[in-house]
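The values are calculated or read from the model by the stated rules, or taken from the named source; none is laboratory data. What you see is a predicted model, and the numbers here were worked out from it, not measured in a lab. Cβ placement follows ideal geometry from the backbone for every residue including glycine, while neighbour counts extend to all protein chains displayed. When the accessible area is computed, the model is the full protein with side chains, heavy atoms only, and any ligands, DNA or RNA have been set aside. Shrake-Rupley method; radii C 1.70, N 1.55, O 1.52, S 1.80 Å.
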Amino acid sequence: RLGFSPVLGVDLSAPMLRIAATKGCYRELLRGDLTDRTLLPPGSLDAVVCVGTLTPNHVEDGATLHTWLEWLRPGGVICASIRDDFWEGSPLPNACQRLQEEGLWTLVEETESARYTPLVNDVAFRVRTWRKAVDCLASGST
């Protein structure tokens, strides 16, 4: 109950959306592809929060991250839990660094590595939070 509201949930999977509907925390649930630029209007979100969404296959050239930045209002945040093994040796760190170098966002927090679940010892993750530049247009350009 702290932070952002109302909450919009998006997933490709209808079964996952049915599970999400039982949580009682979503204003709306939308079946869609998070790489589809037309899924949401530009500048329509204050935050994008993703858990287990970013994998090496999702971020080849940074286009997905650019799409999410387009959806954010200036000053909005992207908060993502990313498995350490997906981060290391993938195009993801370079794509994130390029967005920072282009002045489109700033990394504001990165947690220490932690076990993914209490029952899985060999998979770890970090949560990273970036803030969209205030002077960015909805299209992601400055």
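Which members of region 90-116 meet the condition of being touching a helix residue (DSSP H, G or I) at 6+ places or on another chain (Cβ under 9 Å) and without any contact (Cβ under 8 Å) to a residue 12 or more places away in the chain? Matches in region 90-116: 93 only. Considering region 89-100, and only residues there that are of a type in the set (Gly, Ala, Ser) and not in a helix (DSSP H, G or I), the residue that is nearest to residue 63 (Cα to Cα) turns out to be 90. Taken together, 75, 103 contain a single residue that is outside any strand (DSSP E or B), exposed (fewer than 15 other Cβ atoms within 10 Å of the Cβ) and at positive phi, which is 103. Filtered by the rule that a residue be open to solvent by 70 Å² or more (accessible area, probe 1.4 Å) and either part of a strand (DSSP E or B) or touching a Gly at 6+ places or on another chain (Cβ under 7 Å) (or both), region 106-123 gives 106, 108, 109, 110, 115, 116, 121, 122. Looking at residue 54, is it closer than 17 Å to residue 125 by Cβ, in contact with a helix residue (DSSP H, G or I) (Cβ under 7 Å, 6 or more places away or on another chain) and surrounded by 12 or more Cβ atoms within 10 Å (Cβ to Cβ)? When the stated conditions are applied, residue 54 passes them.
Within region 88-111, is there a residue that is at pLDDT below 90 and touching a Cys at 6+ places or on another chain (Cβ under 7 Å)? Looking for residues that are at pLDDT below 90 and touching a Cys at 6+ places or on another chain (Cβ under 7 Å), one finds none in region 88-111, hence no. Condition check: touching a residue at least 12 places away in the same chain (Cβ under 8 Å), in contact with a Gly (Cβ under 7 Å, 6 or more places away or on another chain) and either loosely packed, with under 12 Cβ neighbours inside 10 Å or under 14 Å from residue 8 (Cβ atoms) (or both). Does residue 47 satisfy that? For residue 47, the condition - touching a residue at least 12 places away in the same chain (Cβ under 8 Å), in contact with a Gly (Cβ under 7 Å, 6 or more places away or on another chain) and either loosely packed, with under 12 Cβ neighbours inside 10 Å or under 14 Å from residue 8 (Cβ atoms) (or both) - is met.
Exactly one residue among 31, 27 is of a type in the set (Lys, Arg), at pLDDT 95 or above and either more than 26 Å from residue 106 (Cβ to Cβ) or surrounded by 12 or more Cβ atoms within 10 Å (Cβ to Cβ) (or both), and that residue is 31.
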